[in-house]
Amino acid sequence: AAMRSFVEALPKTELHLHIEGTLEPELLFALAQRNKVALPYASVEALRAAYDFTDLQSFLDLYYAGANVLQTEQDFHDMTAAYIARARADNVRHAEIFFDPQTHTERGIGIDVVFAGIARALRQARDEHGFSSAMIMSFLRHLSEEDAFTTLKAALPLREQYRDLWNGIGLDSSERGNPPEKFAKVFARCRELGFHLVAHAGEEGPPAYILGALDVLKVERIDHGVRSEEDPALMERLAREKMPLTVCPLSNLKLCVVDDMAKHNLARLLRAGLAVTVNSDDPAYFGGYMNDNYLAVASALELSRAEIVQLARNGIDASFLPAADKGRLT
Ligand code: ADE
Ligand code: ZN
């Protein structure tokens, strides 16, 4: 109980959050009804019961199916507004949010609709509550690099309109068999364009994918990165370079990256000097938002209060906020 209030009181940042992964079953059902989309589940309870995953792909199949209910600007707004309310309740002060336009443009939804709905909710939260945020447009790695270029080309005309929010490019979806090198050219282009770069690596994929993300894609943070522990030289490099890892404990448990939270390597990585941060990934699917993620590792790994403070501090340092704004968060 003391630990819960301690975690709740900490100002936090969220750096690894897929907005489509915040769609709770209740809202998913409401949007299905609003848009007259048929669902293969009889009830909210039946849908939630299906969230029993064996690996990343078993989750992604449901996650992409769930996203089919998102059709209008209002839908993207409502999903984002619901996430912000939940994040604020956890004392999250700043969030850098992934969105996957290809999941939606593939279904005939305009990329402008996706940007507009998410951005309207984020701007409203900034104006009404001082909640700060950024948008990280992520490419789906199971699709081709050519498809990523098509998406970039469709998004760039929107850049001026969303300059206050859209500052990053990410890479997500099925990791195994889709190494970072597949996206070398499009990431090089995004780098020339001045975007911050991040990529999922070392969640299910091998340490070599983390090296590829660093050396070929030239990312500024590694999303997940837990498999770096298998390569001691890589671990030393990550510590030396203070390369942030956006670790997602409850996600790793639900997707069977670890079979027991007590065996999670977050504490070992942190104690080896890596810039570990705590994040919620797809909280509607993985059973917990930010405080739940902090509490899960605090308890299972017996973290000290100083270590918990360090995790939160790492999250502020690893954010893409200007230095002056980082200072305001501590
Ligand atoms: N898309 C949403 N969540 C993801 C994850 N944890 N890994 C890869 N792609 C994702
Ligand atoms: Zn993720």
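The values are calculated or read from the model by the stated rules, or taken from the named source; none is laboratory data. Quick caveat, the model's predicted, so the values are computed rather than measured. Cβ: placed from backbone, ideal geometry, glycine included. Neighbour counts: every protein chain shown.
Remark: pairs (first residue in segment 270-295, on the phi > 0 side of the Ramachandran plot; second residue assigned to a strand (DSSP E or B) and within 15 Å of ligand 1 (Cβ to nearest atom); Cβ separation under 7 Å; 6+ apart in sequence or on different chains) = D281/H16; D281/L17; D281/H18. Of all residues in segment 183-229, those satisfying the criterion of being touching a strand residue (DSSP E or B) at 6+ places or on another chain (Cβ under 9 Å), basic (K, R) and away from ligand 2 (no atom under 16 Å from the Cβ) are R191, K218.
Take the residues in segment 19-57 that are within 15 Å of ligand 2 (Cβ to nearest atom) and polar (S, T, N, Q), then tell me which one is surrounded by the fewest Cβ atoms within 10 Å (Cβ to Cβ). Taking the candidates together, the pick is Q57. From the list R237, R221, the lone residue that is basic (K, R) and either within 12 Å of ligand 1 (Cβ to nearest atom) or without any contact (Cβ under 8 Å) to a residue 40 or more places away in the chain (or both) is R237. Scan segment 93-117 residue by residue and report those that are part of a loop (DSSP other than H, G, I, E, B) and either within 16 Å of ligand 2 (Cβ to nearest atom) or touching a Ser or Thr at 6+ places or on another chain (Cβ under 8 Å) (or both). Correct list: D100 only.
The residue pairs whose first member lies in segment 27-38 and is at negative phi and in a helix (DSSP H, G or I), whose second member is of a type in the set (D, E, K, R) and modelled with pLDDT of 95 or more, and whose beta carbons are closer than 7 Å, counting only pairs six or more residues apart or on different chains, are L27/D78; L31/D75.
Can you find even one residue in segment 40-50 that is without any contact (Cβ under 8 Å) to a residue 60 or more places away in the chain and either closer than 21 Å to A116 by Cα or among the basic types (K, R) (or both)? Among the residues of segment 40-50, at least one is without any contact (Cβ under 8 Å) to a residue 60 or more places away in the chain and either closer than 21 Å to A116 by Cα or among the basic types (K, R) (or both), which makes the answer yes. Restricted to segment 191-208, and to residues there that are touching a helix residue (DSSP H, G or I) at 6+ places or on another chain (Cβ under 6 Å) and within 14 Å of ligand 1 (Cβ to nearest atom), the residue that is nearest to F98 (Cα to Cα) is A199.
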